[in-house]
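Q: The structure under discussion is supplied below as structure tokens; questions concerning it will follow.
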Amino acid sequence: MPGMVFKSPWPDVEIPDRPLTAYVFEHGDQRASTPALVDGQTDRIVTYGTLHRDIRRFARGLADRGFRKRDVFAIYCPNVPEYAVAFHGVASAGGASTTINPVYTPGELRKQLLDSGARFLLTMPPFLRSASDGAKDTAVEEIFVLGGDGATPYEALLENDGDAPDVPISPAEDLVALPYSSGTTGLNKGVMLTHRNLVANLAQVENLFRVGPGDVGVGLLPFFHIYALMVILNLNLRCGTTTVTMPRFDLEQFLGILSKHRVTFAHLVPPIVLALAKHPLVDKYDLSSLRWLLSGAAPLGADLAEACARRLGCIVVQGYGLTETSPVTHLNPPDQPNRPGTVGRLAPNTDCKIVDPATGQPLGPGRNGELWMRGPQVMKGYLNNPGATAAAIDHDGFFHSGDIGHVDEDGYFRIVDRLKELIKYKGLQVAPAELEAVLVSHPAVADAAVIPIPDEEAGEVPKAFVVKRAEVSETEIMTWVADRVAPYKKVRAVEILDQIPKSPSGKILRRVLVERERQKRAEPAAT
């Protein structure tokens with residue numbers, strides 16, 4: 001079994017050597033009057049023709065301000081139609097977009113701006129103060145605001161004839177997206193994704209989803225996250241569908257959009273699938289237009305998938321990927337046989353090994369190990385971090401995912417655990433190391449460790465184990481963290497310990513705490 005490599009059941013697809021925007025809008029001229037994006041709050045429609053025109057103008061506006069090839073532009077916005085204008089305008093100008101969670105605090109924002117070297121930033125009025133504070137003492141030269149005052153109006157970038165700059169793009173070398181990910185461990189790192197990475201991933205999956213003009217999707221998941229940026233926004237634009245955007249999740253509004261706009265397919269995360277399966281509000285809406293739902297970003301149990309499918313009368317499938325793989329590596333196509341509880345089979349052009357994390361030996365079907373993936377969608381590397389890049393991508397080109405799983409005899413993969421230390425809160429990444437740094441900054445905290453604990457609604461939430469140096473309550477500790485991080489990163493439970501378990505080298509043994517927590521939760525059931 002040495003060197004066992006699992007292959008996709010689908011034939012390889014050709015990867016066009018083209019810039020991303022040219023590929024996404026390859027058929028745009030035929031769809032000029034078709035709605036590309038609909039603002040879910042106002043019902044404002046942006047056609048493919050208008051979208052492509054504004055992208056060209058945005059690129060020209062940036063060039064007129066001195067934005068050049070390989071420059072970085074920060075998008076600090078919720079989901080609105082203009083997200084696509086900014087992202088593709090930057091790409092057309094030869095730059096890369098670093099996409100940032102709009103609920104980031106100024107301190108969190110500043111870290112990403114400093115690391116990415118972003119020259120410009122786009123935001124909206126509710127986030128302008130944080131944007132202004134976060135951009136201080138960074139390379140940001142100008143802040144643009146969409147729909148408000150207090151900074152340069154977004155519209156100023158569109159006040160030109162749309163003669164987009166002619167920038168030569170080397171698809172395999174030039175970056176187009178710079179999202180941030182914790183990777184397998186530690187703090188956020190810039191993930192360098194090239195035009196070829198993203199074009200490849202679109203080419204790999206577009207024929208497996210089988211959507212096109214006449215289909216309507218929903219842009220609910222945040223576009224700053226690679227899953228939504230690629231599998232919702234860019235794949236939908238490539239396929240000619242209409243996407244209804246939502247800036248934040250509200251179940252009633254979401255259900256209303258599904259019904260009103262006759263949404264035919266949706267990309268979601270497990271907590272939303274849970275709501276669709278169980279919440280009484282669902283029965284008040286006509287969701288008969290839905291053909292399929294695909295869940296990603298966190299594991300979806302087979303029972304929940306089947307319960308949702310039964311209730312809605314549609315197909316519910318699951319896929320898998322990572323920021324570092326642009327993102328899709330595995331999927332269950334909605335119109336092909338699938339296995340609930342699995343993330344499906346390997347995407348075309350994708351190889352996978354399952355490796356024993358203790359011995360480094362490849363494993364065969366049915367045995368749990370770390371998933372290593374190789375394909376044209378694997379990132380160029382981590383920005384300014386060759387050490388982390390070398391640790392993540394081996395000399396054979398396999399990306400070491402940090403996820404534990406197995407494959408069955410038919411090529412369906414199941415994710416069962418994680419080597420990496422990330423917490424997945426509603427599909428969003430929370431790095432324990434970041435929260436630990438905040439916790440130990442409290443004057444009464446001597447040491448701390450953070451692990452995930454299960455939560456029915458969110459999937460996982462952070463729990464902190466704290467060693468005190470002075471008297472402090474659990475509530476005070478949680479408030480301290482909440483005041484310093486984005487809401488989804490908040491610590492939801494605190495336990496006081498005498499000491500944090502660590503290895504001889506000083507590394508926190510989170511596995512010990514995770515196992516202790518599992519046993520503690522199992523005890524009532526066993527008695």
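The values are calculated or read from the model by the stated rules, or taken from the named source; none is laboratory data. Note that the structure is a prediction, hence the values are computed from the model and not measured. Cβ: placed from backbone, ideal geometry, glycine included. Neighbour counts: every protein chain shown. Accessible surface areas use protein heavy atoms only, side chains included; no ligands, DNA or RNA. Shrake-Rupley method; radii C 1.70, N 1.55, O 1.52, S 1.80 Å.
Q: Can you tell me how many residues in the stretch 9-36 are touching a Gly at 6+ places or on another chain (Cβ under 8 Å), open to solvent by less than 50 Å² (accessible area, probe 1.4 Å) and either in a loop (DSSP other than H, G, I, E, B) or more than 27 Å from LYS69 (Cβ to Cβ) (or both)?
A: 3
Q: For the stretch 162-188, give me each residue that is over 19 Å from TYR23 (Cα atoms), open to solvent by 30 Å² or more (accessible area, probe 1.4 Å) and modelled with pLDDT of 95 or more.
A: Result: TYR180, single match.
Q: Tally the residues that are open to solvent by 10 Å² or more (accessible area, probe 1.4 Å), without any contact (Cβ under 8 Å) to a residue 60 or more places away in the chain and under 23 Å from GLY321 (Cβ atoms), restricting the search to the stretch 232-254. Reasoning before the result, please.
A: Here is the first cut: in the stretch 232-254, the residues open to solvent by 10 Å² or more (accessible area, probe 1.4 Å) are 238-239, 242, 247-253.
Right, trim to without any contact (Cβ under 8 Å) to a residue 60 or more places away in the chain and you get 239, 249-252.
Checking the rest, the ones that are also under 23 Å from GLY321 (Cβ atoms) come to 239, 249.
Residues in the stretch 232-254 being open to solvent by 10 Å² or more (accessible area, probe 1.4 Å), without any contact (Cβ under 8 Å) to a residue 60 or more places away in the chain and under 23 Å from GLY321 (Cβ atoms): 2 in total.
Q: Still on this model: Here is a check on your reading of the model: is GLY402 in contact with a Pro (Cβ under 7 Å, 6 or more places away or on another chain) and either open to solvent by less than 30 Å² (accessible area, probe 1.4 Å) or in contact (Cβ under 8 Å) with a residue 60 or more places away in the chain (or both)? If you could, list the steps in order and put the result at the bottom.
A: On the way: in contact with a Pro (Cβ under 7 Å, 6 or more places away or on another chain): no; either open to solvent by less than 30 Å² (accessible area, probe 1.4 Å) or in contact (Cβ under 8 Å) with a residue 60 or more places away in the chain (or both): yes.
Against the criterion (in contact with a Pro (Cβ under 7 Å, 6 or more places away or on another chain) and either open to solvent by less than 30 Å² (accessible area, probe 1.4 Å) or in contact (Cβ under 8 Å) with a residue 60 or more places away in the chain (or both)), GLY402 does not qualify.
Q: Out of all the residues in the stretch 474-489, which are crowded, with 18+ Cβ neighbours inside 10 Å, charged (D, E, K, R) and either over 18 Å from PRO454 (Cβ atoms) or out of contact with any strand residue (DSSP E or B) (no Cβ under 7 Å at 6 or more places or on another chain) (or both)?
A: Listed by number, the list holds a single entry, ARG484.
Q: Is there any pair with a first residue in the stretch 39-64 that is within 17 Å of LEU233 (Cα to Cα) and a second that is open to solvent by 20 Å² or more (accessible area, probe 1.4 Å) and in a strand (DSSP E or B) whose Cβ atoms are under 7 Å apart and which are 6 or more apart or on different chains, and what are they?
A: ILE45/PRO35; THR47/PRO35
Q: List pairs: first in the stretch 501-519 and within 16 Å of PRO462 (Cα to Cα), second outside any strand (DSSP E or B) and of a type in the set (D, E, K, R), Cβ under 8 Å, 6+ apart or cross-chain?
A: Qualifying pairs under 8 Å: ILE508/GLU436; ARG510/GLU421.
Q: Would you mind finding the one in ILE257, ILE226 that is buried (at least 20 other Cβ atoms within 10 Å of the Cβ), on the phi < 0 side of the Ramachandran plot and within 20 Å of the chain's Cα centre (by Cα)? Steps first, answer last, please.
A: Working: ILE257 fails: within 20 Å of the chain's Cα centre (by Cα).
Result of the check over ILE257, ILE226: ILE226.
Q: In addition: Do any residues in the stretch 353-373 that are farther than 11 Å from HIS406 by Cβ have Cβ atoms under 6 Å from those of residues that are surrounded by 15 or more Cβ atoms within 10 Å (Cβ to Cβ) and among the small types (Gly, Ala, Ser), where the two are at least six apart or on different chains, and which pairs are they?
A: Matching pairs, first to second residue: VAL355/GLY369; ASP356/GLY369.
Q: Would you kindly identify the strands (runs of 3 or more DSSP E) lying entirely within the stretch 196-269 that contain at least 2 residues that are farther than 18 Å from CYS77 by Cβ? Break it down stepwise before answering.
A: Values: elements: 216-219, 242-245, 265-268.
In the stretch 196-269, 216-219, 265-268 are the strands (runs of 3 or more DSSP E) which contain 2 or more residues that are farther than 18 Å from CYS77 by Cβ.
Q: Kindly indicate which of ASP71, ASP39 is surrounded by 15 or more Cβ atoms within 10 Å (Cβ to Cβ), within 24 Å of the chain's Cα centre (by Cα), farther than 25 Å from LEU175 by Cβ and modelled with pLDDT of 95 or more. Can you show your working first?
A: Working: ASP71 fails: farther than 25 Å from LEU175 by Cβ.
Criteria check complete, one pass: ASP39.
Q: Now for a different question. Just to confirm my filter: which strands (runs of 3 or more DSSP E) fall fully inside the stretch 70-183 and include at least 2 residues that are of a type in the set (A, V, I, L, M, F, W, C)?
A: Numbers: elements: 72-75, 96-99, 120-123, 142-145, 175-177.
Answer list for the stretch 70-183: 72-75, 120-123, 142-145, 175-177.
Q: Could you tell me whether THR329 is under 30 Å from ARG310 (Cβ atoms), in a loop (DSSP other than H, G, I, E, B), of a type outside the set (A, V, I, L, M) and open to solvent by less than 50 Å² (accessible area, probe 1.4 Å)? Before you say what the answer is, go through the steps one by one.
A: On the way: under 30 Å from ARG310 (Cβ atoms): yes; in a loop (DSSP other than H, G, I, E, B): no; of a type outside the set (A, V, I, L, M): yes; open to solvent by less than 50 Å² (accessible area, probe 1.4 Å): yes.
When the stated conditions are applied, THR329 does not pass them.
Q: Has the stretch 384-406 got any residue that is part of a loop (DSSP other than H, G, I, E, B) and either aliphatic (A, V, I, L, M) or over 22 Å from LYS7 (Cβ atoms) (or both)? Walk me through how you get there before you give the answer.
A: In the first step, residues of the stretch 384-406 are kept if they are part of a loop (DSSP other than H, G, I, E, B); the result is 384-385, 394-398.
Next cut, either aliphatic (A, V, I, L, M) or over 22 Å from LYS7 (Cβ atoms) (or both) only: 384-385.
Within the stretch 384-406, one or more residues are part of a loop (DSSP other than H, G, I, E, B) and either aliphatic (A, V, I, L, M) or over 22 Å from LYS7 (Cβ atoms) (or both).
Q: Every residue in the stretch 336-375 that is in a strand (DSSP E or B), open to solvent by 40 Å² or more (accessible area, probe 1.4 Å) and on the phi > 0 side of the Ramachandran plot, please.
A: Those that are in a strand (DSSP E or B), open to solvent by 40 Å² or more (accessible area, probe 1.4 Å) and on the phi > 0 side of the Ramachandran plot: none in the stretch 336-375.
Q: So which residues in the stretch 376-406 are modelled with pLDDT of 95 or more and at positive phi, if there are any at all?
A: Matches in the stretch 376-406: GLY381, ASN384, GLY397.
Here is a yes/no grid of residues against (1) free of Cβ contacts under 8 Å to residues at least 40 places away in the same chain; (2) of a type in the set (D, E, K, R):
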| residue | (1), (2) |
| --- | --- |
| PRO153 | yes, no |
| GLU159 | no, yes |
| GLY162 | no, no |
| LEU175 | no, no |
| GLY183 | no, no |
| LYS189 | no, yes |
| ALA200 | no, no |
| GLN204 | no, no |
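Q: Going by the conditions given, is LEU221 under 13 Å from the mean Cα position of the chain (by Cα), crowded, with 23+ Cβ neighbours inside 10 Å and either modelled with pLDDT under 95 or over 20 Å from ALA347 (Cα atoms) (or both)? It would help to see each step written out before you state the result.
A: Values: under 13 Å from the mean Cα position of the chain (by Cα): yes; crowded, with 23+ Cβ neighbours inside 10 Å: yes; either modelled with pLDDT under 95 or over 20 Å from ALA347 (Cα atoms) (or both): yes.
Yes, satisfied.
Q: Can you pull out every residue in the stretch 81-119 that is more than 22 Å from ASP133 (Cβ to Cβ) and open to solvent by 10 Å² or more (accessible area, probe 1.4 Å)? Can you show your working first?
A: Filtering the stretch 81-119 down to residues more than 22 Å from ASP133 (Cβ to Cβ) leaves 81-85, 87-96.
Of everything in the stretch 81-119, those that are more than 22 Å from ASP133 (Cβ to Cβ) and open to solvent by 10 Å² or more (accessible area, probe 1.4 Å) turn out to be GLU82, SER92.
Q: Taking the stated definitions as given, is SER288 open to solvent by 20 Å² or more (accessible area, probe 1.4 Å) and part of a helix (DSSP H, G or I)? Outline the logic, then answer.
A: Working: open to solvent by 20 Å² or more (accessible area, probe 1.4 Å): yes; part of a helix (DSSP H, G or I): no.
Spelling it out, it is not the case that SER288 is open to solvent by 20 Å² or more (accessible area, probe 1.4 Å) and part of a helix (DSSP H, G or I).
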